[in-house]
Structures are given as C-alpha cells and as structure tokens.
1. With every protein chain kept in place and ligands, DNA and RNA left out, what is the accessible area per residue of chain B? Probe 1.4 Å, answer in Å².
2. To the nearest 10 degrees, how steeply does helix A:32-45 sit against the main Cα axis of chain A, on a 0 to 90 scale?
3. Tell me the volume per residue, in Å³, of the convex hull enclosing the alpha carbons of chain B.
4. If the only charges are +1 at each Lys and Arg Cβ and -1 at each Asp and Glu Cβ, what is the size of the charge dipole of the stretch B:4-49 around the Cα centre, to the nearest 20 debye?
5. Can you order the peptides A:73-82, B:320-329 by their average number of other Cβ atoms within 10 Å per residue, highest first?
6. Counting only residues 5 or more places away or on other chains, whose amide H sits under 5 Å from the amide H of B:Met93 once H atoms are built in the peptide plane?
7. Pick out, from A:Asn148, A:Gly312, A:His62, the residue whose Cα sits farthest towards the positive end of the charge dipole of chain A, with +1 on the Cβ of Lys and Arg and -1 on the Cβ of Asp and Glu.
8. Summarise the long-distance tail of P(r) for the stretch B:4-49 by giving the % of C-alpha pairs beyond 11 Å.
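The values are calculated or read from the model by the stated rules, or taken from the named source; none is laboratory data. Bear in mind that the values here come from a model prediction, so they are computed numbers and not experimental data. So basically every Cβ, Gly included, is an ideal-geometry build from the backbone, and we count neighbours across all protein chains shown. Note: areas computed on protein heavy atoms with side chains; ligands, DNA, RNA excluded. Shrake-Rupley method; radii C 1.70, N 1.55, O 1.52, S 1.80 Å.
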Number of protein chains: 2
Amino acid sequence: MATLSDVATRAGVSVSAVSRVLSEKPGVRVSVATRQRIHDAAKELNYRPNFTARALKSSRTHAVGLVVPGVTNAIFAELMRGVEEEARTKDYMVLIASTERLPEGEESIPRLMGEGRVDGVLVQFGDHLSGDDLRTVTDSGLPVISINTINPGKGGSVRVEDEAGMRLATEHLIELGHTRIGYAGGVPTSESGQRRLAGFLEAMAAAKLTVEPELVTDFGYYPKQGAQALDAMAELSTPPTAVVVANINAAHGVLSEARRLGIRVPEDMSIVAMHDTWTAEIAWPPLTCVRLPLYELGRAAMASLWEIINSGTAEDRVIADPAPELIVRESTAPPAR
Amino acid sequence: MATLSDVATRAGVSVSAVSRVLSEKPGVRVSVATRQRIHDAAKELNYRPNFTARALKSSRTHAVGLVVPGVTNAIFAELMRGVEEEARTKDYMVLIASTERLPEGEESIPRLMGEGRVDGVLVQFGDHLSGDDLRTVTDSGLPVISINTINPGKGGSVRVEDEAGMRLATEHLIELGHTRIGYAGGVPTSESGQRRLAGFLEAMAAAKLTVEPELVTDFGYYPKQGAQALDAMAELSTPPTAVVVANINAAHGVLSEARRLGIRVPEDMSIVAMHDTWTAEIAWPPLTCVRLPLYELGRAAMASLWEIINSGTAEDRVIADPAPELIVRESTAPPAR
DNA sequence: TACTCGTGAACAATCGTTTGATCATGCTAG
DNA sequence: CTAGCATGATCAAACGATTGTTCACGAGTA
C-alpha cells in the first residue's frame, strides 16, 4: 500500500502538498506543474488514502452500524438494501450487527459503538426490544436513528405509516363482506405493534364492527407465533372468517398451520398480511399484503443518520411516499356464507 | 470518549503503563498496586480503546468484508449468519458489500479492500462472476477466501459438496420411478454450477438413464430464470416427469410457472431443489430439497479467513459435515403412470 | 534601496495506541 | 563500598493523514 509520503517522494514534494492536492480542498495554492506531478505519482503508485489514519485524524470512520433483530428474514433484507444503497451514495459503509442469538453477556453492541468504529447507528429492535440495549445505544452519545420506534432519548427516528397500512388491510376484508375479523399482532410492547393494532381498531370502528377481545392476539411476528395465533382462534366456538396478520412472516406460519388444521384459505378463512416481500408470491395461496415502503424506509433512515452526523440535527420522520398499498393476491375472498 | 492518557492521568501513571496493563500482554512488569489503580481508573472512566488508533498502529482492523451477489435471498442469509457467528467468536466484525445493482464504474469493492478497512475478504460471486471483479479482489494482496469457487490466484477457498448433493436429489427422483428427468441449472460459467451438473449426470449415468440435451437448461439461479427453464421444458413434445432444480430460488420460480401453466406438482411433475431454506416450507407444495450446510459454510469460510490472516496459510476446504441431506416434502411423488 | 505583499511550498503538531529503549531505585554479591 | 542486576515505570518514536503556521522568494511599491 502506497502512502502519502511515498507519493510525496516520487513527486519530489512534501507530504502536506500531496495531501492538499489530493483532497481537493478549495483555496489551496499549488502550481499547476506540481499538481500534475502529484497526480501522476499518485496514479502510478495506485495510491489510496489509508482509511484508519484518516479516521483517526478526523474522527470520522465513514461507517455506520445497522443493528437488527435478525438477518434471516425478507423484511430485514428490504430494509438493508435501502440502507446499503443510500449509504453508497453518501460514501458510507454499513456494518451489520445482529442481535439474534447473542450469547449471554455479549458485548458486541457497546463495542460496536464505543470504540469509534462507526459514526452513527441505525437501530431496529424487533419484538425483543430490550430496555438495556436501547439505553446502551442512546447513552453512547453517538448519533442514533431508530427505525420504527420513536427514540426515547435524543436522536431521530424514522417509521412507516403502520396505522394507515393496517387500516387498508382491514378495510379490504370489510369490503369483501367479512364482519368477524381476527387480528394476529406482535408483542404489545413494540411501538409499531401498537400502531398497527390501532389501525385495525380504527378501521373496525369506522365500519361499526365489534372487536371481540378473544379475536385479538399478540403472540409475535415469527412464523411459529403466527401458527399459535391461528390455533388460538381456531379453537373458538365461532372462529373468525378472516384474519389480519400484522407481519408477513407470521402470516406464513398462519398459512402452514391452516393447512395442518384443514382450514382452506381463502375459502374458509381469508388472510391479509402486513409487509410485501418476495415470499408473499411463493406462498400458497399467494398472500394478499399491504406493501409498506421498507426499502425507502432504509434509505430514509440512512439519509437521516447522515444528516444528524453532519449537522447534529435529529428529526422524526414518517415515510409516507410511496403510501401503503394493498396488493391483492389469492389469500382473500368474500366469506363463505 | 476517555483516552488512554485520561486513564493515565487519573491513575497517576504514564500512558505506556496503562497500555501495557490493559492489553494484558504476558511478561509485563507492573506492580500489583499500580495495576489495580489503572484498572480502577479505566473502569471509572469507562475506557474503551479507540479502534481507529489501534488499527492504524497495528494495521489490523478486526473487520472482514463479505462480498455477495445480493442480500435479498435466503441462501445468502444462511451463509451470512454463519459468517457473523464465527466472526463474533473471533472478535471480528463483518462489513457487507453487495454487488447487486452496482452502478456502472462503481468503486466500492476496490475501496473496501484498498483502503485498509478490512483485514481480509470473503467473496461469493454468484452467477455473474465477473473476471474483473475477481481479479481486483485477488490482486489486492489482501487475504481472500472464495466461497464455492476455487480461487484462481493464491488464497483459500471453501465449498460444499455440490456433486453429492445433486446426486442425492437425482437419485431420489430415480427411486421414485422417474426416467425422464429434466435439469434446471445455473449459468454454465459458474464452478459450483458445473459441479452440480456433474452430480446430476453421474446419478443419471449410474442408473443407466439417458439425458437428452433438450432437458438440460442453464438459465440461472433466480426465480424468473427457473420459470424460463420450465417454459422451455413444457413446450417439448414429451416434457419430463420430474425436474431437478439446481437452486431453490429458481425452484420457486418453477413452482409459480407450473401453476400458471396448469402443471400440477407433484402429480404431473415432481420438483426437487438444491438448498434448503425456510422458504421451502412456505412454498406450495412444500419443496423437497437437498440441504447443504450453508451455515457451516459461512462459519468455515470465516474460520479459514481468520487463519490466513493470522498465519498466512491458505487451504482449500470442502465442508462435508453435516453431509448433504435430502429433505422430502411434498413436491415429489412417483410419476403419473 | 528597502519594504511590503502574494505566492507556492515545507514544517511540525496532532489524533490515540503500541512498543523498543531508557532510566531510577533498591538490593545482593564480591 | 561499589559494581551489577532485577524491578517498575517513563520516554519517545512510530503508524498515515490533516492542517495551522512558517518560510523563501520574487514582484510591486515608495
């Protein structure tokens, strides 16, 4: 690896001259001739600025951390793609820190943040939003953008229109003629989970439909928990004719469980799910979903983080463009009647 | 952020004393009392070594790059989970670099590697293994482990038993009684693609079955290309009664296309796919798959990279434990007869 | 001629750690 | 009583880049 001083020697100038020329700051006084020699030398040696040195001097690493509950799900993938792409335009790199399967007493989050490895952090706590973790993150003093959760401390947040999305999903079922509608939600402590439930309740109320407590579950966002939710509803004396599932991963669980129980979808029961990932299309029946702009959420999150890094200002943003959209596939139909 | 010299001041000793004590090198001569004071001071100030400074001095960043074709697929997720977990045990961080949607002339790979950001790189080029990219990577002088491709230059590689896996899949269909078996493969330039095809051909040969060229396609590993493959086979005068699909993502495409064309799986056609991800279970019918140890592949890749970083030795490894395993679900059945 | 001023470039300190070299001290041995 | 030595700690030079300050030189002005 060629260093600045290698280039300097080859060009016959001082290190500082090289630094100034190559960093292209406005207002540097260097003659055209030297400038040229420096550029030539740099090219010949294939010079690349050493990132660690630069980071040490400037205390900017040009890297951000992305803390997510797990990497093996399509929702995360969409989000991450957005983050990655925006990061690229900002000349940033993304370090993934998954909180999945963290061994007890694991230190990776504090370490990621405390050692000056990153300029800021994007946090999406999933169902298991641990108070401790959250505090570690916000207390670190690093710029933080929290995804789908209003940041309790300082720091901005970015989220999607969960309520509107949920309303869309619920209204779709109502329009189809369903009146006995179940809700399979996430754990109640999660903020976005609360917003989704609110959206469901609003839509039901607007249609003057009653919501029986036994039809509202909150097991969680994973396939197994979706299955659990369906089990709970199936054993009721009169099960719902349609279920709104607050997360597509859980919806996949609902689907397999329905198959196991001999419940036909959509003939016996309609299913509509939150989030539209590519897995919705490969499911059977293909899932009717509400598409939330996850990719855009990722981009916005990274953009906000960049802003707060560079200007110190944190804002809470709601990503409303594109608006939540209902994608009708084959898991919903009018009630059997 | 407290620095070494902050700690030194508080403990009333020199910076070097602190450094030596905290880095716990064997054979440092420091009195118990001083040692104690240093530890106390460090704790009180919540000292954490600055990563950039350390990296600059030691030219070790304790980070590795993971270059993958794309992040939005379950195969990658498995792999990455393995890499991540192994990295954690080695006290390393993982930087993701996706080659997906790289704008023309994008420099992110050379930059990732050339600027001393990472100590080594894990590369998995997918279908689009670009010669240039590969060269950039191997020429950089950085430790490199290539995943599923024997490294053309120096540097180790790590792969799974593609042939054996493919044989397993093919034999399953043969045992079910199929004789006219199609093969939907990846692009022919990929090494693992060649190995898979070889495995298929071996199994067919061993059973003394003929392989008609028109039944062997090589469109690629993505859903759309799987669909293409099925289209090509469906328009033959006598389509195959079973198809081996060299990648589960492509198999999902095959499945939807089959539905579109009115081909029932497995009644009209059996499908067996390579790779067993969670999406196999949510598909309809659930896909019969061959499970390759992708998670273990990830771990092994990271472990190998770590070795080459620390000892300079590169080895080519084949991950054979656990062995490829056939997971029979509902996409395969005896031929219609 | 002496002075100022603008220009182009070099000097040198700094970021936080690591680490070989050095030094002060008290003790043992000759 | 002093040379020799182990011990415990400090000094100081890096690592590679950035950046405020200084310097040398020639042109322009009084």
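1. On the way: 14490 Å² over 337 residues.
About 43 Å² of surface per residue is accessible.
2. In chain A, helix A:32-45 runs at an angle near 60 degrees to the longest axis.
3. Considering the Cα atoms of chain B, their hull volume per residue is 160 Å³.
4. 140 debye
5. A:73-82, B:320-329
6. Amide H neighbours of B:Met93, under 5 Å, 5+ apart: B:Ala63, B:Val64.
7. Towards the positive end, the residue furthest out is A:His62.
8. 60 percent
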